[in-house]
Every structure is written in structure tokens, then in C-alpha cells.
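Right, one structure below, let's go through it.
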Ligand SMILES: [Zn+2]
């Protein structure tokens, strides 16, 4: 069965044909079995139960790190850990205030109250800024501490829907209107917004809520100390973002800029780097570049594959590797004809041999992917026969079947493991993180950045809920090709977003369906021509994912040794183009062990090293 379609992928897409089609579906009269006589995968891949992440996993490192003083383990602390990890602030979690006050920067989380901190602890913490340290605290609710932070009263409420940054050195980098004013909820649709704490009587607040109370206060002490009170729970906001649970904050679906989480991450990084003349942080882009650009293509239509070879030829000519998410559709149904046949396999092999990454785009490409049964984990080709019967009706399909059978077929085609996944229509079931984990994937691109409120990678958690982190990351779509206005009219807007992201090392994920070559390839060429001269990094989801996963496990500690500074990196996953932001005036004097490559660039020091411990020596002027 043939039909014209403009290809379909993104969640808001209404362009897929078939909407008005008869509701009865054909049995699979035409099958395009690409591999006769082969079945698999052989081994079962059931989903493992969750393993709760203990906070003690993060209780290591020296006093150069930010100390997160955890006052309540029943909080969004895992989100806070992922927030600090994402923006590259070295941190350690402790429940011992005596340990915390040894650090130059102390962050009390999730609250400061008489119930969670003793008078002795409060006294010691209050001394941190007076002694030149930086004290950050979330929800400062205890009487007496208000004087330390410089406000009169703390008022918890669920009636605050927006926040505006003040004109302070901490927020000078927020220049875009989408950064200056941040939405925290939708008053029209939500009777109650997220809990926030507003502070009254604060001089020169860093940020102000829509009810006039301060959202972020800052009191500066002599000797370089400062005390900063936050009224927005960044840990909870990070979980909302990384678990894809925002329903009311984002105003846009794709192709826009809604950096609600990112401005808070940037604020924390600015505070950390400004707190100590020896502060070192991790960069967010490989090789000291300013922007990570991931060109991705979804193959969900027969004629997209030959077109894809044209895209790949261009990309290869530019020395760029892109990711092709390929649907392995071998049954004909209401959605489309089976097109993953021996010709398709040859084309996938050609893409692979051109240096492109082959990811999975499911078997059935069903709109019901987010409501399908999870499955058993022993679904096997060719017995696994998912059929789309109508827009919202699917038979014989499971989440695990879609993941493992598509990976099996693509592995048969290329001989390489399939590590990256994107669902059709960006339909995202709650079980997706643990289902990806079970079936051998490491990376996904299953969200839009606008919906995730972030233009940085997302650290995935079991069930998309707090509790158990997984070693998996999602790289949400920034720019797609199906929304209005038509793509050719959106080049300037896309480049404007890229420029915003360059300011803080964002991730710019572009989704182009190769169902059309002409204007879409021209769009890609224009993007490459504009972004590359500005120092953007280009690579596949898999390559960037490997960088990001290794970076997430990296520990950074700084020690003083006379006029030298020793930076110790714990890199259990190795380091590949890892970038360190180091203080101006430091000069790289050496790197150990032998074989470690370290080079100073304008953006910082770029390190490539084998797994283990790396020691960098700097002369500090
Ligand atoms: Zn698609």
C-alpha cells in the first residue's frame, strides 16, 4: 500500500496521512522480511527492578567541591545532584554539618529549619559567609537565619507563577527576554503552582516573584563571603525537567526557547566560580567548543532511505557524522507499508559505511507507544508482529518488542550495537528509561527541549520518577522540521536559538526527516555554514553521549601546593575531549599519567585520558 506522506515524527505532528482512513486494518498481506531464516534476539531482556540511588554515592571528594548539606533525604536531592552534575559543578553530598562547613561553598538543601538543623549547626553555618565562604540555602524557614541572608520574612506559597531576574552581576549573562523572565506555572490552568518561598525586605534581590517577594536574595559580607537564599527548589525543577513531567510551565512545543531550568543551573555555576579564586568546573561541550550540534534524521518512510544517502554524502563531505534513527518496519499496516527489506538493509549499511550512526526509530512507529504494554523482554523477530490498526489502536506491539527487535534487525544490518533511540511522534512511556536500560541502549532523544525546559542533556531516572537514577541520558530535540512556519522561513530563528545556547554551552539537536531533500538539506547546509565558523562541535548522539556519560562520572578536586594548583580528576569512564574551566592566570605545567593529553584552549583545558586518576599541575599567578 502506497501513500504520499510528509513523514511523521514529532509529537505535535498532524501531517501523517491515514487520519481519515478506514478504521479496519489489513492483516499483514505484504511482509518485507529482510532476513529470511534468522530469528532473534535470542537472549531475553526483562526489565530489572529499580535500585534506589543512595545519597552516600555522592559523599566523596575534597573541600574544593560544593558541599550539599542534605537536611532531608525525603526530598528532590537526586534532582539537585543531577542539576550540579549537568552544569559541571564539582560537588559532594553530606548530612554532617561539621563536614559541610569545611568547604568553601555550602548549599543547604532542601530547607533550613529548626526541625532539620540543631542550634549548634545553624550557628556554625551562619559563620560560613562571615569567614569568607559562600552559603547557599534553599527555603530558609527558620527564624534567626533571616538576618544572615538579609531578609525579613519567608513566605511559602503555591500562588507564584513567574520570576524576573534583577540587574546583578550574577545575572548579567541573562540577556534574552526568555531568560530575564521565567515562567513557573500557568495561572489559567493550574489552581496551585509549585511550592515556592518568597522573601520580604531583601535589599537588591537577585530575582523577584510576580507577587513582589524576592525569589533569590544575596547578602555580601566583607572578606568575600556571601549568603544566598533560594525560593525555587532547583532539585524539584530538575526532576520535573529530566523526568519530562512539566505540564504547565512550557508555552511551546519545539523550535522555541524556554530555558527555565538552565538559567538556575547557570546561576549556580556563576555563584560557584565566583566564590573561590581556585574554583574549577566542567564544560558542557567536547573539545572546549561553545556549542554541541547533533544532526539527527528520522527514517520512517520508504523513500527517506535513498534520500538519506544524499544527506549523508553532504555530511561526510563536511567531515560531520550524523545520527539516523531508522524504523525497521517489516509489516504493512494502517500506518504504512513495510519498507525494511533487503534494499533498505543495503541502504542502512551504506549509511553506516559513510560513518553515520544508526539508531532505532522503533518497528511500528505507533502513536500508542506511550500506552503499549511493557512486554516480556522475549519478543523475537519474526514472531513479533506489531500492527498499527488505527491512529490510536495497535495490536501485538510492546515497548520492549519495539526496542529490542528494532535493535536486533539494525545490528544484523551493520554488525554494530545500537545505542541510540528515538520513538515515533516522540511518544514517551513511563517505562522507557528502564526499558532502554534492559535492551542495551544508552542514549535517547525522546523529548523536545522546550518541553523539558532545558537545552542541556537530561539524566534519566527509573519510571521517569525520583528514586533510582540510570546511566542513561536523553538529548532533547531543539529544532524540528514539521511545525509552522515552514522550515525555510525559520533559519534565522533557529540560528538565534543557537546563539543563545552558545552563551552557556548548550546542546543543539536538529531533527530533519529526509522524506524531502531540497529545502531541508539546504536548511542543514545553511546551519552548518553558520555554526561551524563560530566553533560549534558536530557529532552523533552516540559520540556526544559517550562524552557526556563519561563526564557525568568525573570527579574534580583542587589542591594548593605553594604557587601551584593540583587538579585531580577521577575519570572511571576515561576522558574524551573533557573541558575544564580554570581560573584566568593559571598556566598548565604538566599532566599525569603518561599518555594523558591536556591542552590549554580559550575555553579551558581539554583533557583526553584513559580510565583512572589524572593529575594536572598548574602554575597559579
Ligand atoms: Zn518518526
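Summary table below
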| quantity | calculated |
| --- | --- |
| Cα-Cα separations in region 269-415 greater than 23 Å, expressed as whole percent | 47 |
| Rounded if a/c under 1.5, otherwise prolate or oblate - the chain, Cα gyration tensor axes | prolate |
| Fully extended contour minus Cα-Cα distance, from residue 532 to residue 416, at 0.36 nm per residue | 38.9 nm |
| Sorted peptide list for 189-198, 143-152, 289-298, 585-594, criterion being average Cβ within 10 angstrom, highest first | 289-298, 143-152, 189-198, 585-594 |
| Angle in degrees between helix 518-531 and the longest Cα principal axis of the chain, rounded to the nearest 10 | 30 |
| FRET efficiency estimate (nearest 0.05) - Cβ-Cβ, residue 600 to residue 118, R0 51 angstrom | 0.65 |
| Acute angle (nearest 10 degrees) that the helix 260-275 long axis makes with the longest principal axis of the chain, alpha-carbon atoms | 40 |
| Cα-projected label distance for residue 157 with residue 350, points at 7 Å along beta-carbon direction, nm | 6.3 |
| Calculated P(r) of region 92-239 - Cα pairs past 28 Å, % | 18 |
| By average C-beta atoms within 10 angstrom, highest first, the peptides 522-532, 318-328, 359-369, 47-57 | 359-369, 318-328, 522-532, 47-57 |
| Relative contact order [Cα under 8 Å, 6+ residues apart], region 121-270, whole percent | 29 |
| Residues in region 366-398 reached by a label modelled at residue 337 [backbone nitrogen below 19 Å; 7 Å Cα→Cβ] | 387-389 |
| Cβ-derived FRET efficiency at R0 41 Å, residue 248 paired with residue 63, nearest 0.05 | 0.55 |
| Cα-based helix-to-principal-axis angle, 77-87 vs the chain, degrees rounded to 10 | 80 |
| Cα gyration tensor shape of region 404-529, rounded if a/c is under 1.5, else prolate or oblate by comparing a/b with b/c | oblate |
| Pair residue 96, residue 371: separation of 7 Å Cα→Cβ label points (nm) | 5.3 |
| Peptides 443-449, 239-245 ordered by average Cβ neighbours within 10 Å, highest first | 443-449, 239-245 |
| Ellipticity estimate at 222 nm from DSSP helix runs (n ≥ 4, -39,500 (n - 2.57)) divided over the chain, nearest 500 | -7000 deg cm²/dmol |
| Cα centroid of region 108-158 to Cα centroid of region 310-387, whole Å | 53 |
| Where labels lie 7 Å past Cα in the beta-carbon direction, separation of residue 383 and residue 189 in nm | 4.3 |
| Shape call, region 144-185: gyration tensor on alpha carbons, a/c limit 1.5 | oblate |
| Ratio Rg/Rh [Cα only; Rh per Kirkwood] for region 348-402 | 1.08 |
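Where a number appears in this text, it was derived from the coordinates with a stated rule and is not lab data. Being a predicted model, the structure only gives us computed values, none of them experimental. Ideal geometry is used to build each Cβ from the backbone, glycine not excepted, and the neighbour counts take in all protein chains shown.
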